[in-house]
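Q: Take a look at the following structure, please.
The values are calculated or read from the model by the stated rules, or taken from the named source; none is laboratory data. As the structure is a computational prediction, the values presented were derived from the model and not from experiment. In this analysis, Cβ positions are derived from the backbone assuming ideal geometry, glycine residues included, and neighbour counts consider all displayed protein chains. Only protein heavy atoms, including side chains, enter the accessible area calculation; ligands, DNA and RNA are left aside. Shrake-Rupley method; radii C 1.70, N 1.55, O 1.52, S 1.80 Å.
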Amino acid sequence: MTARPTAVVTGASSGIGAATARALAAAGFHVVLGARRVDRLTAIAKEIDGTALPLDVTDKASVAAFVEAVPECRLLVNNAGGAKGLEPVEEADEANWIWMYEVNVLGTLRLVQGLLPTLRASGDGHIVTVTSIAALQSYDKGAGYTGAKHAQAMLHRTLRGELLGEPIRLTEVAPGMVETEFSLVRFGGDQEKADNVYRGLTPLTAEDVADVIAFAATRPSHVNLDQIVLKPRAQADAMRAHRDA
Ligand code: 8X3
């Protein structure tokens, strides 16, 4: 057992999750990293003296086994999520929608339900959920993802009221454009389409978002940062960005 408080980060094998695991370790946490790609997780865990555990948030049994292996937890970062597809509602692919609701909404629900008793028992728990500016607005061709992100945000924001009076803080972090594997996954591995998303501007990095999460997690216990929206300077909202020619 370690004296460091434990933080669980889902989707920790790459992008915002991996950067958050590193930032929290630097802030003094013992980080439990969960994701499907265990080889990548293990390498990061080794680097930050953390613990790598297999986790598929879309699979109830996988979440149950993960939770069973985490005896204490002060901070849960619900980072696992993602988008598949970018098409009008009329052409939407139902399988993509099911995956987006599974990973963003039900995945968050499963982790919260599994770890709430442990977070409560810590006496100073904190749930950070990484939503998106897609949880704040609709945009054309994005209904599957914006719908899932709104639902995930509602779950998170509802907890703020339901857990009032308990020693558990709740922080929603809603990033705009961040250059990670996000767009590559959204476009089924099409690198050109993914690169085009960030064309002509400087997007946020995973580390930019991780810094903010670590900041929220290291405030004194009575300070609750409820919602943090961060975007690149060149982005006004999901539909509007300035791009250099
Ligand atoms: C990612 C941001 O604008 O592509 O969560 O939906 S956006």
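Q: Restricting to region 11-24, give me the number of residues that are of a type in the set (Val, Ile, Thr) and open to solvent by less than 20 Å² (accessible area, probe 1.4 Å).
A: The qualifying residues number 1.
Q: How many of the residues making up region 100-141 are in a helix (DSSP H, G or I) and either within 16 Å of the ligand (Cβ to nearest atom) or open to solvent by 30 Å² or more (accessible area, probe 1.4 Å) (or both)?
A: Counting residues in region 100-141 that are in a helix (DSSP H, G or I) and either within 16 Å of the ligand (Cβ to nearest atom) or open to solvent by 30 Å² or more (accessible area, probe 1.4 Å) (or both) gives 18.
Q: Please pick out the residue among ALA3, ALA52 that is without any contact (Cβ under 8 Å) to a residue 12 or more places away in the chain and of a type in the set (A, V, I, L, M, F, W, C).
A: Going through ALA3, ALA52 in turn, just one is without any contact (Cβ under 8 Å) to a residue 12 or more places away in the chain and of a type in the set (A, V, I, L, M, F, W, C): ALA3.
Q: Just to be sure, is ALA148 within 11 Å of the ligand (Cβ to nearest atom), within 23 Å of LYS84 (Cα to Cα), touching a His at 6+ places or on another chain (Cβ under 6 Å) and not β-branched (Val, Ile, Thr)?
A: No: the conditions fail for ALA148.
Q: List the pairs whose first member sits in region 121-144 and is polar (S, T, N, Q), whose second member is near the ligand (Cβ under 10 Å from one of its atoms) and open to solvent by less than 40 Å² (accessible area, probe 1.4 Å), and whose Cβ atoms are under 6 Å apart, counting only residues at least 6 apart or on separate chains?
A: THR131/LYS149; THR131/ALA174; SER132/LYS149; SER132/ALA174; GLN137/ALA238; SER138/THR146
Q: Across region 205-224, which residue is most open to solvent (accessible area, probe 1.4 Å) among those that are without any contact (Cβ under 8 Å) to a residue 60 or more places away in the chain and within 15 Å of the chain's Cα centre (by Cα)?
A: Applying the filter and picking the extreme gives ASP208.
Q: Can you go through LEU204, LEU184, LEU225 and tell me which one is hydrophobic (A, V, I, L, M, F, W, C) and more than 30 Å from ASP93 (Cβ to Cβ)?
A: Unique residue meeting the criteria: LEU225.
Q: What pairs come up if the first residue lies in region 12-33 and is more than 25 Å from LEU184 (Cβ to Cβ), the second is open to solvent by 10 Å² or more (accessible area, probe 1.4 Å) and modelled with pLDDT under 95, and their beta carbons are under 7 Å apart, counting only those six or more places apart or on different chains?
A: Close Cβ pairs satisfying both conditions: HIS30/THR2.
Q: Separate question: Looking at LEU155, LEU53, LEU75, which is the one that is at pLDDT 95 or above and farther than 15 Å from ALA7 by Cα?
A: So the residue among LEU155, LEU53, LEU75 that is at pLDDT 95 or above and farther than 15 Å from ALA7 by Cα is LEU155.
Q: Within region 182-204, count every residue that is farther than 24 Å from VAL103 by Cβ and loosely packed, with under 13 Cβ neighbours inside 10 Å.
A: Adding up the residues that qualify gives 3.
Q: Pairs, please: C-beta under 9 Å, at least 6 apart or cross-chain, first residue charged (D, E, K, R) and in region 62-77, second assigned to a strand (DSSP E or B)?
A: Within 9 Å, the pairs are GLU72/THR6; ARG74/THR6; ARG74/ALA7; ARG74/GLY125; ARG74/HIS126.
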